[in-house]
């Protein structure tokens with residue numbers, strides 16, 4: 001054993017790059033070519049590997065430090081003859097790759113093949129998730145390796161955290177076993193389709209192993225011309241969450257209609273009066289306010305199941321999410337404390353959030369904390385649909401296109417503007433009778449908003 005300094009190797013044109021992640025700590029045993037720190041420039045991010053194997057004795061850098069070629073990273077009690085291969089170089093992600101590595105002198109050391117872990121051992125969720133996500137159990141081909149540090153870029157680590165995936169269980173297909181985004185996606189698919197037991201913490205209860213047939217793989221080009229179009233980033237992130245929610249929540253949808261004839265007239269006259277202010281009232285703003293009244297009347301709809309599915313967490317706040325259509329897919333901004341805001345303020349805030357969503361400028365905080373969600377397709381069309389519940393919420397309201405219909409008033413049929421309502425709810429928390437009462441009350445409020453004053 002000998003004490004040595006581990007320095008930053010040749011990293012090409014990158015100079016004075018910032019340390020954004022420390023991947024080891026004093027006392028850790030590292031292998032040659034194992035990543036030590038992650039650095040980031042204005043062009044790309046990369047991980048700096050160790051040139052030798054040994055035990056970390058002291059870190060010489062901290063988060064935020066600027067380092068260049070030759071900077072000392074740490075002191076290592078090195079093992080004799082444990083130098084990294086000659087082709088060892090930082091792995092970069094982003095627009096600008098590092099300098100080309102020298103010709104390969106010897107094969108990179110390979111980790112021993114992992115052994116299968118029991119299908120009942122769930123991978124833990126990260127501690128700071130803004131929304132609970134599905135924690136994926138070990139599969140028959142990937143088991144957690146104690147002390148193993150997964151080799152992945154910061155963007156892939158973030159992607160895995162968003163999906164609740166433990167990277168120590170994922171097998172990398174990149175150079176030197178580097179984990180790529182498609183490796184994480186493949187792992188998620190294997191858990192869903194391979195019969196592994198899904199963790200029950202995300203939605204409480206349920207989540208038994210799924211014994212699904214493998215996804216069909218066909219050469220579609222033999223039937224005709226095809227074109228491959230990558231999914232947008234939003235759809236890649238939301239897809240696994242939507243799949244989890246649909247599979248793990250027992251959905252039931254209650255359909256109803258609300259007479260919004262008088263409300264629509266009031267909306268139009270109010271917009272005429274507010275024309276100079278620049279505020280435009282939308283029907284969705286009125287629905288949000290009406291939903292707050294309904295949630296107060298039926299508090300179970302403004303709740304979430306706890307991790308074990310044994311208790312109901314009743315929320316004393318009313319944060320209403322609304323689905324916003326963007327060129328890259330749907331996102332769900334949140335109107336915070338809708339109960340404390342007037343219709344004009346809600347409409348103005350919705351307009352600002354929708355504009356930010358279309359421009360891709362929404363901050364994570366703008367999409368967190370919803371206790372109830374509304375998905376409105378009224379501006380596009382349709383008569384009804386089944387919206388998917390946004391876990392850990394227990395219900396979601398869908399709005400379709402309103403239409404003039406003949407409605408019997410006791411003496412004759414009169415033309416009335418009717419708004420279709422589609423309420424999906426978690427049947428573990430809400431029964432059909434309660435759901436019907438909720439939509440009936442909501443329709444009454446939309447027919448006469450003065451009920452919110454009672």
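Please treat every number below as a calculation from the coordinates, not as lab data. Worth saying up front: this structure is predicted, and the values here are computed from it rather than measured. Cβ atoms come from the backbone with ideal geometry, glycine included; neighbour counts cover every protein chain shown.
Quick look at the numbers
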item: Separation of alpha-carbon centers, the range 419-454 and the range 316-357, rounded to whole Å; result: 20
item: Over the range 224-271, equivalent-ellipsoid semi-axes from the Cα gyration tensor in Å; result: 38, 21, 13
item: Ordering of 444-453, 308-317 by burial proxy (mean other Cβ atoms within 10 Å per residue, highest first); result: 444-453, 308-317
item: Burial ranking of peptide ranges 162-169, 392-399, 333-340 (average Cβ count within 10 Å, highest at the top); result: 392-399, 162-169, 333-340
item: Relative contact order of the range 251-453, defined on C-alpha pairs under 8 angstrom at six or more residues apart (%); result: 30
item: The range 251-453 shape via C-alpha gyration tensor axes, a/c threshold 1.5; result: oblate
item: Debye intensity ratio in log₁₀ form over the Cα atoms of the range 212-350, taken at each q of 0.11, 0.19 Å⁻¹; result: -0.67, -1.32
item: Neighbour-count ranking [beta-carbon atoms within 10 angstrom, fewest first] of 441, 425; result: 441, 425
item: Sorted peptide list for 249-259, 279-289, 355-365, 21-31, criterion being average Cβ within 10 angstrom, highest first; result: 279-289, 249-259, 21-31, 355-365
